[in-house]
Amino acid sequence: MAVFAGNHGVTAQGVSPYPSTVTQQMLDNFGAGGAAINQICKTFDIGFKAYDLALEIPTGDITIEPAMDEKTCVATMAFGMEAIGGNHDLLAIGEMGIGNTTIAAALYAALYGGPVSHWVGRGTGVDDEGLKRKIAAVEKALSTHASILNDPLLVLQHLGGREIAAMAGMILAARMERIPLVIDGYVATAAAAVLNAAHPSALDHCFAGHLSAEGAHRDVLERLGKKPLLELGMRLGEGSGAALAIGVIKAALACHDGMATFGE
């Protein structure tokens, strides 16, 4: 299980009720073993790593500038690709990033079109005014970057976050290494959506771990042709839904390998 953490300059527009320092605090909690994802991974004997993606340097405010320049985006994807190092038979991705449901919504709106309000949800639980600010931020971002919305990789560079770029890189590397990969919730799926838009077979090795409580996630998974393994109304992130799904996968494999047939 790999969890990538990043900060977003778009939070300066007031779309998040929390300061960006919370991301660092949560990352420290991962290291101390105190997060939900730590307990789930321990329960199912899943290896866990968390990666700090330059938390002290937020990405650009997508309402007025690209989130990343080309070099940063490519380097971050390469970092995600290198993160699969080792002998793995199954991988999973998750994220921690304050403000990143806004970023995910911007990516989906750019890739799929339609009303921005369809893609923007309440994330960590913003009130009605906060939801309006999120919608306004995404609408402004789409207007600012209108000229590149037909290129999925440029969409990732201009509207994405480092954690999303790193997850996209890890998905790509797993595809090349033929390693099955479990995708977490609404934000993690945004990385998959970018790759699917670039090439329709990019996700042939992927499972959707769960259906997030974030409203438009079902729509995205249907567009990707992925049926979620779990539907528990989760919205925590951290890779928690993907980790629970690995528990189901491990149980299924144990039954496949260990159960006796009627003949036996």
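The values are calculated or read from the model by the stated rules, or taken from the named source; none is laboratory data. Predicted, not measured: the structure shown is a model, and the values here were computed from it. No Cβ is skipped: glycine too gets one built from the backbone with ideal geometry, and neighbour counts run over all protein chains shown.
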Q | Lone qualifier among T59, T72, T63, T102 - being out of contact with any helix residue (DSSP H, G or I) (no Cβ under 6 Å at 6 or more places or on another chain), hydroxyl-bearing (S, T, Y) and more than 18 Å from F30 (Cα to Cα) | A | T72
Q) Restricting to region 196-216, what's the tally of residues that are surrounded by fewer than 24 Cβ atoms within 10 Å (Cβ to Cβ) and not in a loop (DSSP other than H, G, I, E, B)? A) 5
Q) Is there any pair linking a residue in region 65-82 that is among the acidic types (D, E) and assigned to a loop (DSSP other than H, G, I, E, B) to one that is surrounded by 15 or more Cβ atoms within 10 Å (Cβ to Cβ) and modelled with pLDDT under 95, with Cβ under 9 Å and at least six apart or on different chains, and which? A) E65/G9; D69/G60
Q) Restricting to region 236-260, what's the tally of residues that are part of a loop (DSSP other than H, G, I, E, B) and farther than 19 Å from I171 by Cβ? A) 3
Q. When you go through (1) surrounded by fewer than 19 Cβ atoms within 10 Å (Cβ to Cβ); (2) part of a loop (DSSP other than H, G, I, E, B); (3) at pLDDT 95 or above; (4) of a type outside the set (A, V, I, L, M, F, W, C) one by one for D219, which number turns out not to apply?
A. (2)
Q.
Just the residues that are touching a Lys or Arg at 6+ places or on another chain (Cβ under 7 Å) and either over 18 Å from I164 (Cβ atoms) or among the acidic types (D, E) (or both), please, taken from region 208-264.
A. L211, A213, E214
Q. Looking at region 41-52, is at least one residue crowded, with 17+ Cβ neighbours inside 10 Å, out of contact with any Leu (no Cβ under 8 Å at 6 or more places or on another chain) and closer than 14 Å to R162 by Cβ?
A. yes
Q) What's the number of the condition A83 fails, among (1) surrounded by fewer than 13 Cβ atoms within 10 Å (Cβ to Cβ); (2) under 19 Å from A2 (Cβ atoms); (3) not basic (K, R)? A) (1)
Q: Report whether or not V3 is part of a helix (DSSP H, G or I) and closer than 18 Å to G161 by Cα.
A: no
Q) For the subset of region 125-151 comprising residues that are surrounded by fewer than 20 Cβ atoms within 10 Å (Cβ to Cβ) and basic (K, R), which member is nearest to A67 (Cα to Cα)? A) K140
Q) Since E139 meets every condition but one in (1) closer than 23 Å to E222 by Cα; (2) of a type in the set (D, E); (3) without any contact (Cβ under 8 Å) to a residue 24 or more places away in the chain, which condition does it not meet? A) (1)
Q. Looking at region 92-124, which of the residues that are touching a residue at least 40 places away in the same chain (Cβ under 8 Å) and at positive phi is surrounded by the most Cβ atoms within 10 Å (Cβ to Cβ)?
A. G99
Q: Assess whether A174 counts as being crowded, with 20+ Cβ neighbours inside 10 Å, touching a residue at least 12 places away in the same chain (Cβ under 8 Å) and under 16 Å from G239 (Cα atoms).
A: no
**Q.** Which listed residue, of D45, D28, is over 29 Å from H145 (Cβ atoms), of a type in the set (D, E, K, R) and at pLDDT below 95
**A.** D28
(Q) If I filter region 12-19 for residues that are modelled with pLDDT under 95, β-branched (V, I, T) and surrounded by fewer than 21 Cβ atoms within 10 Å (Cβ to Cβ), do I get at least one hit? (A) no
